[in-house]
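Participant: Have a look at the structure that comes next, please.
The values are calculated or read from the model by the stated rules, or taken from the named source; none is laboratory data. Owing to the predicted nature of the structure, the values given are computational and were not obtained by experimental measurement. Here the Cβ positions follow ideal geometry from the backbone for every residue, glycine too, while neighbour counts run over all protein chains shown. Each accessible area value is taken on the protein alone, full model and side chains, heavy atoms only, with ligands, DNA and RNA left out. Shrake-Rupley method; radii C 1.70, N 1.55, O 1.52, S 1.80 Å.
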Amino acid sequence: MPTPTEIRLKKGAKTLVVAFDDASEFSYSCEYLRVHSPSAEVKGHGPGQETLQTGKEDVGIEAIEPVGHYAVRLVFDDGHNSGLYTWEYLHELGTNMTANWQSYLDRLAAAGYARQKPK
């Protein structure tokens with residue numbers, strides 16, 4: 001499994017950039033990471049228990065806390081700080097970003113939520 005060689009937070013752009021040792025590099029919006037949090041609050045405790053996250057267009061990351069040699073905890077400025085982003089999960093989020101984002105947008109539309117333009 002690839003491991004990060006660099007993790008950079010671009011607070012002004014509300015973006016987290018992660019470079020991996022397999023030469024891949026992903027630029028994640030804070031919103032994308034927040035709505036795909038691996039926490040039980042977002043994912044639930046099993047299939048079908050996910051909670052659709054809305055109103056996260058302007059969320060930012062306040063801190064990145066290392067957890068051992070396998071993950072980070074992201075502290076978001078909306079108070080969310082649970083869920084560990086393992087290297088494997090971050091790589092998966094990067095690899096599948098386009099499909100994941102479209103799925104999220106489709107779920108928002110199905111719920112009747114009109115996503116606001118980020119500030």
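Participant: Select from segment 89-117 the residues that are closer than 15 Å to K43 by Cβ, open to solvent by 80 Å² or more (accessible area, probe 1.4 Å) and touching a residue at least 12 places away in the same chain (Cβ under 8 Å) and list them in ascending order.
Facilitator: R107, the sole residue that qualifies.
Participant: Here are the criteria: (1) modelled with pLDDT of 95 or more; (2) more than 16 Å from the chain's Cα centre (by Cα). Tell me which single one V72 does not satisfy.
Facilitator: Single failed check for V72: (2).
Participant: Restricting to strands (runs of 3 or more DSSP E) lying wholly in segment 1-108: which have 1 or more residues that are among the aromatic types (F, W, Y)?
Facilitator: Those strands (runs of 3 or more DSSP E) span 15-20, 25-29, 71-76, 84-86.
Participant: Still on this structure, I have one more. Which residue pairs have Cβ atoms under 7 Å apart, sit 6 or more places apart or on different chains, and have a first residue in segment 69-80 that is closer than 15 Å to E6 by Cα and a second that is surrounded by fewer than 18 Cβ atoms within 10 Å (Cβ to Cβ) and charged (D, E, K, R)?
Facilitator: V72/E65
Participant: Continuing with this model, one more query. Out of E31, E65, E92, E57, which single residue is in contact with a strand residue (DSSP E or B) (Cβ under 6 Å, 6 or more places away or on another chain), of a type in the set (D, E, K, R) and modelled with pLDDT of 95 or more?
Facilitator: Residue meeting the stated conditions: E65.
Participant: Just one of the numbered conditions (1) surrounded by 12 or more Cβ atoms within 10 Å (Cβ to Cβ); (2) closer than 15 Å to L84 by Cα is not true of G68; which one?
Facilitator: Result: G68 passes all but (1).
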